[in-house]
Amino acid sequence: MDNKTRDQKRIQKLRNEIARLRDAYHTENAPNVTDDVYESLSRELKELLKKHPEINKLNDLNAGENRVAGRPLDKFVKVKHSIRMLSLNDVFSVEELREWGERIKKLAGNRAPSLDFFCEVKFDGLAVSLIYEDGKFIRGATRGDGFIGEDITENLKTIHSIPLVLTPPPAKGEVGRGSLPKFLEVRGEAVMSKKTLTRLNLVNEKEGKMLFANTRNAAAGSLRQLDPKLSAERKLDFFAYDIAEVSGGINMSKHSDKHKYLKDLGFQVDTNDALCKNLDEVLSFIRKFEKIRSDFPYGTDGVVISVDDLKWQEVLGVVGKAPRYMAAFKYPAERATTIVKNIKVNVGRTGVLTPLAIFEPTLVAGSRVSKATLHNFDQIERLDLKIGDTVVIEKAGDVIPKVVEVLIRMRTGKEKKFKIPEVCPACGGNVEKKITTPKPLLNKEGRKIRISSPPFEGGVPEGRGGISVAYYCINQKCSAKNERYLEHFVSVFEIYELGPKILRRFKDEGLITDAADIFTLTKEDIAPLERFGEKSAENIINEIENKKRISFARFLWALGVLHIGEETARDLACHFGTLEKLINSARGVLAEIDDIENIGPAVSKSVRDFFNDKNNLNFIKKLQENGVVVEKTEKRKAGKFAGLNFVLTGTLSTMSREIAKERILALGGKIVGSVSKNTSYVVVGEDPGSKLKNAEKLGVKVLDEKNFLNMLG
Ligand code: IVH
């Protein structure tokens, strides 16, 4: 199949799927897919249509992609809009915003010396049109398909922020009030606050009713109630943002004048707006609003930017369904769609095989990614993923993107099934299947507790009653496995000078064969290597020398024992105090390993296996002979922080995070990575992350640095 035919087929698939989602979205208020996914598919369609202008039907107003979403339902009376309700073109990045700026500048030519921009919040609700005659609200309608909407006057009358009678605006230059417009059509957004949505969903959950996925669907669903009483119960709000038509009112020459006039007439107009002289000012508005967006009481998905001068708006005009003089800047989506080109298998430091989905660079959560983790092979089955499938990927913050869903309807029949490799893709060594069934761990109150940050690479226990199936390369000499292990080892030893590239180089040059060899390196070994030199060699050697002493807990973590992450290593170190005691216990000399709090059967088995393997004991011996000193750990005493757990966020000014952790541990407290309702305290430094917000949401106690220091004493 040639490229064009393939694209043509894809366009057809995309059109069908987008139309189906649009209908589900706007007529049934029953979202089965998030906005991000809908938009991602639309974006791909737009790009393909751009590539093939001959297939592009952009000038055909009836073409699916040129229709404004939402079809009038039969239940309501249909209304024809005298002025079409348009939609907005989206821009997804700074780059696209600048391109839009360039485009309109070119179109305006030299005639417009400088264009001011008006920025305002983009509400995520339902667009409505309100008609006023002689100051009285006479009709309100939904957007529908932009040409024909639905008459929802009675429902809109229940919204308190929609004035039923307008307030006469202040008289120009005189004392008192001026006259009301004879005719006025206001455009704005009917919205539901986040608080109201939470309350509504709580009630719906109790009553076994459908839950709304977001404030937009809730607002839309509420306005489509045939009984206005039901609508009234939903406590909707309305924000006015535009005037489509006015007669007998004041003269307005700017979009910002419209906002002011709307306010004067008694409409609720959001105050988060700004008049900007250029795109840099627009960008700082966008950044400023981004910071407060999550605390904004209503759902928003971006910022609307308009050329402020109405004369220039007219010159720039409308193309297709959207005005050229406006743009909607959309904040990065956390979900996007893409086509899986291949499934690659990575080898981790424990030898675990982790499948990765590979795709064309795709924009998600503000950055372009080309691979996403599939966690384990079970996940491929659970998702029913095939190579060639269109998938939904998700990325939140710094987290590695993951594949969350396969869009089965986008299949062409040419997708290929993935086969679990029979041998290690890196070294060709044997692969072994391991199944772990961690029994739930209970704390003293009989509640389930989590195994602390286990390196369950590729084998995250999920679904299937916690059983985790993982495949491992069992070749001790597997090069990929060894490389990953070296990277892990130096990062736990905090030998920051040795990055993955340098480690690989040292291995290739024969300077090291395992991690213990790192400690015998000399300046003379490194300096002669190409791209190194006296100075960098010295830096590396000094750093290695400085990191030879290590706490027992970190040493244990560095060994890379399966299922032993940072916290479990700390638990074991606190219990045993010295490496020798742990080894003796693991080798059966002491029997206590199973009785330690927080240690489950999977961990104790892997500790036993590890310390009963001669190669591992030899490796430890070699490390010690090469100068590594393992410091013993003070046994955990019941301190004043016993039973308390702490989450750290932001930067403290008086101590590093490591020191803060150690001080908490020394007093018997625990450190946990994320905030839950079981967290005792969240210690907040400067520039805290989302953990502070979570703490506030869950009502967890927050300690600033001063209070934290007081508590430490
Ligand atoms: S301006 C030309 N201003 O976004 C039509 N629209 O994606 C746009 N929206 O249909 C009108 N907040 O429902 C405008 N402050 C705002 C908005 C806004 C939300 C919605 C509106 C529109 C959709 C386009």
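The values are calculated or read from the model by the stated rules, or taken from the named source; none is laboratory data. Predicted model, so just to flag it, every value in this text is computed and none were measured. We place every Cβ from the backbone using ideal geometry, glycine too, and count neighbours over all the protein chains shown. Please note that ligands, DNA and RNA were not included when accessible areas were found on the heavy atoms of the full protein model with its side chains. Shrake-Rupley method; radii C 1.70, N 1.55, O 1.52, S 1.80 Å.
The table below gives the values:
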item: Relative contact order of region 561-713, pairs being alpha-carbon contacts under 8 Å that are 6 or more residues apart, as %; result: 19 percent
item: The chain - charge dipole about Cα centre, Lys and Arg +1 at Cβ, Asp and Glu -1, debye rounded to 20; result: 1240 debye
item: Placed amide H near Thr167: partners under 5 Å, 5+ positions off or other chain; result: Gly266
item: Percentage of interatomic Cα-Cα distances in the chain larger than 42 Å; result: 44 percent
item: Surface per residue (accessible, 1.4 Å probe) for the chain, Å²; result: 51 Å²
item: The chain - Cys residues lacking any other Cys C-beta under 4.7 Å; result: Cys119, Cys276, Cys574
item: Cβ crowding within 10 Å averaged over residues, with 704-712, 114-122 ranked highest first; result: 114-122, 704-712
item: P(r) tail fraction, region 477-624 - alpha-carbon pairs more than 19 Å apart, %; result: 54 percent
item: Length-normalised contact order of the chain in % [C-alpha pairs under 8 Å, at least 6 apart]; result: 9 percent
item: Three-way shape label, region 189-243, alpha-carbon gyration tensor, a/c 1.5; result: prolate
item: Backbone HN-Hα couplings from phi across region 414-430 [Karplus 6.51/-1.76/1.60, Hz, Gly and Pro as x]; result: 9, 5, 10, 6, 8, 10, 5, x, 7, 10, 5, x, 8, 10, x, x, 5
item: Among Ser653, Leu667, Leu579 the positive-end extreme of the charge dipole of region 568-713 (Cβ point charges); result: Leu667
item: Expected 222 nm ellipticity per residue - DSSP helices of 4 or more, -39500 (n - 2.57), all of the chain, to 500; result: -10500 deg cm²/dmol
item: Cut-off under 5 Å, modelled amide H: who pairs with Val364 long-range; result: Val369
item: Selection from Gly317, Leu385, Ala372 lying farthest towards where the dipole of the chain points positive, charges on Cβ; result: Leu385
item: Fraction of accessible area attributable to carbon and sulfur, region 87-144 (%, probe 1.4 Å); result: 47 percent
item: Gyration tensor (alpha-carbon) shape descriptor, region 537-617, a/c threshold 1.5; result: prolate
item: Region 249-349, accessible surface, carbon-and-sulfur percent (1.4 angstrom probe); result: 47 percent
item: Apportionment of accessible area to carbon and sulfur, region 355-428, percent (1.4 Å); result: 51 percent
item: Exposure of Arg199 as accessible area (Å², to 10), given a probe of 1.4 Å and all protein chains; result: 140 Å²
item: Which of Val469, Asn214, Pro168, positive extreme of dipole for the chain (C-beta unit charges); result: Val469
item: Solvent exposure ordering (accessible area, 1.4 Å, most first) of Phe646, Phe619; result: Phe619, Phe646
